[in-house]
Amino acid sequence: MTPDLTNPRSPVRAWRLAPAIIAALFALAVLPVAFFGTDATVLGERAASEAIDELDAHLPVIRRFAAELPAPDLVGYRSATAPGYHVVMAIPARLGLGVPGLRFLGSLAGLALVLVAWRVAARAAGPWAAAVLVAPLACSTYVLSGSAWLTTDMASMALGTSAIAIAACWRPDPRAFLALGALFLAALLVRQTNVFLAAPILAAGILGSPLGRSVSNAEQWHGDEPRGWSRMAMAVACLVPGVAALGALVLAWGGLTPPAFRELHDSGLSPVAPAYGLALVGLWGAFLLLPMRESVVVVLRTHGAAISAMAIAVAVVAAVPESVTDRDAGRWGGALWRLAALVPPVAGRSPVIMLGGALGSVVLAVLLGRAARAGRGRAAAVVVTALLALFAVQSANSQVWERYFDPSILVALAWLAALGTPRAGLGDTTQACAGMVLLALAQLAISALNYWKVAFLTAP
């Protein structure tokens, strides 16, 4: 009997088997590299960027903190990120756990990210369809590399994604805001750019307050009733511990990053970051929407004028900052910057970034419209709010690297595709799954070149 991929009420066995298969495949992709991959000490600049980060920054900081416990120096360490990840990993290091063991512990954060993304998608699309929808995320070179080597990337993503999931899907009650406050604090202690999580948390508070009645019918949800100002107050209150902790770190550092990495990551703003993020949404979202022509046509027929005006506005705004590929300006690394380098710029502006940003806005609008027609517009709106807030916050980072955007975009695409099924009347989940299979194949090809091949290179 063929399983019903789209049924959230699939048998209990499916809800257990699907994540078990995901975990097993993820372990096969990550653990051989973590245990047997060639170190950056051997490969030098040919190694993956995450392996280089482990060698140059994260592993030395973990070892330093392990030696300094219980009072590590939280200012003079050599990492661009907040110290939470390193402090936690320093504990098993102090107890004698070696690098392979530390990598195994770190890989659990990557697995947690994929499983959280799967669980949210499965609420709407069912366990098997959700497994397909998160396949591009699980195949991403940035997720695999960030899981195999010691970096803050996956711990940050797992915490942030969990917070967005709660803001989007849970009733805005005290239990939800208590969890959000804890996750917001933990995420900020791992990576300071997670301040963007304030946006979806506040969105949940606003939608649960009387202000939520003023939003469109598409964002109305019975879980926000009965609305009250206390929900807005709880949303603000749960941000206080995280903001206070971040403020204390910034004061101690004398800037947005620890002093050792200020020149690299805190040497100026990157106004191109939002346009770049939208362009990356356009690049990967095109794979998703390609088999979903019926869905695209229905949404464009209903909101075509507004979406067209928005796309034009995004293209115009994207033309303001310089967007040509430039390593010295932090605009390099990843598929999109390489693609942008192939197209001649116009007055320092990349047509790939400008037009890609417009396409990305269309992708998000179509997926939002599809989710709204399925009765899940509120959750989709919170997800998109979080994604756009991330793009805005990344403007404060001097380096516009794809690894800071890619996993979040793949999570958002999986969730938005799931939220549009199966009640949308715009074609079944199979179309969305087909698009995500195409995207997963593209991610696998990139990972084969940038992850597996590099991980097992021999010394020059």
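A short reminder: the numbers here are calculations on the coordinates, not readings from a lab. This one's a predicted model, so the numbers in the text were calculated from it and none came from an experiment. Methodologically, a virtual Cβ is constructed for each residue, glycine included, from the backbone with ideal geometry; neighbour enumeration extends over all protein chains shown.
Each part reduced to its alpha carbon centroid, segment 291-307 and segment 39-105 end up 48 Å apart. The label point for D326 and the one for A179, both projected 7 Å from the Cα toward the Cβ, are 4.5 nm apart. If R0 is 35 Å, the Cβ-Cβ spacing of L97 and R338 corresponds to a FRET efficiency of close to 0.40. So if the hydrodynamic radius of segment 258-327 is defined as the Kirkwood radius over C-alpha pairs, what does Stokes-Einstein give as its diffusion coefficient at 4 °C and 1.567 mPa s, in µm² per second? So the translational diffusion coefficient is about 87 µm²/s.
Based on the reciprocal of the average 1/r between different C-alpha atoms, the Kirkwood radius for segment 109-150 equals 10.4 Å.
Backbone phi angles across segment 259-265, fed through the Karplus curve with coefficients 6.51, -1.76 and 1.60 (θ = phi - 60°), yield HN-Hα couplings of x, 5, 10, 5, 5, 7, 10 Hz in residue order; Gly and Pro are listed as x.
Amide hydrogen proximity for V215: with H placed 1.01 Å from N in the peptide plane, no residue at 5 or more positions away or on another chain lies under 5 Å. Would you work out if segment 85-170 is rounded, prolate or oblate? Take a ≥ b ≥ c from the square roots of the eigenvalues of the alpha-carbon gyration tensor; rounded if a/c is under 1.5, else prolate when a/b is larger than b/c, oblate otherwise. The shape class here is prolate.
Amide H contacts for S398 (H built 1.01 Å from N in the peptide plane; partners 5 or more residues away or on another chain; cut-off under 5 Å): D266, S267, G268.
Does segment 123-219 come out rounded, prolate or oblate by the C-alpha gyration tensor, with a ≥ b ≥ c the root eigenvalues, rounded set by a/c under 1.5 and, if not, prolate when a/b is larger than b/c and oblate if not? It comes out oblate by the Cα gyration axes. Residues whose amide H lies under 5 Å from that of R349, counting only those 5 or more places away or on a different chain, are S323; hydrogens are built 1.01 Å from N in the peptide plane. In segment 219-259, the convex hull through the Cα atoms has an average projected area of 4.3 nm², a quarter of its surface area. Taking a quarter of the surface of the Cα convex hull of segment 269-427 gives a mean projected area of 8.6 nm².
Using a simple spin-label model with pseudo-atoms 7 Å out from Cα toward Cβ, L69 and V250 lie 3.1 nm apart.
In the chain, the longest principal axis of the Cα atoms and the axis of helix 198-207 are about 30 degrees apart. Please report the base-10 log of the normalised intensity I(q)/I(0) for segment 153-267, using a Debye sum with one equal scatterer per alpha carbon and no solvent, at each q in 0.15 (1/Å). Cα-only, vacuum Debye calculation for segment 153-267: -0.66.
Projected label points at A306 and R171, each 7 Å from Cα along the beta carbon direction, are separated by 3.0 nanometres. Taking the Cα atoms of segment 27-151, the ratio Rg/Rh between the radius of gyration and the Kirkwood radius comes to 1.04.
Rg and Dmax of the chain, based on Cα coordinates, read 21.5, 66 Å. If you take the Cα centroid of segment 229-277 and the Cα centroid of segment 122-175, the two points sit 22 Å apart.
Per-residue ellipticity at 222 nm computed for the chain from its helices equals -21000 deg cm²/dmol, with DSSP H segments shorter than 4 residues left out and the rest contributing -39,500 (n - 2.57). Potential lengthening of the chain between V297 and V42 amounts to 86.6 nm, from the contour at 0.36 nm per residue minus the alpha-carbon distance. Scalar couplings 3J(HN,Hα) for segment 321-332, obtained by applying the Karplus form with A = 6.51, B = -1.76, C = 1.60 to θ = phi - 60°, are x, 5, 9, 6, 4, 7, 4, 5, 8, x, 9, 6 Hz; x denotes Gly and Pro. What shape does segment 204-351 take by its C-alpha gyration tensor, where a ≥ b ≥ c are the square roots of the eigenvalues and a/c under 1.5 counts as rounded, a/b above b/c as prolate, and the rest as oblate? Because a/c hits 1.5 or more and a/b fails to exceed b/c, segment 204-351 counts as oblate.
Which angle between 0 and 90 degrees, to the nearest 10, do you get for helix 174-190 versus the longest principal axis of the chain when only C-alpha atoms count? Once rounded, the angle reads 40 degrees. When the alpha carbon coordinates of segment 65-130 are projected onto the principal axes, the ranges are 48, 24, 17 Å, largest first. Report the far tail of the P(r) of segment 145-196, meaning the percent of Cα-Cα pairs longer than 12 Å. When all Cα pairs of segment 145-196 are counted, 61 percent exceed 12 Å. Between helix 429-447 and the chain there is an angle of about 20 degrees, using the helix long axis and the longest principal axis of the Cα atoms.
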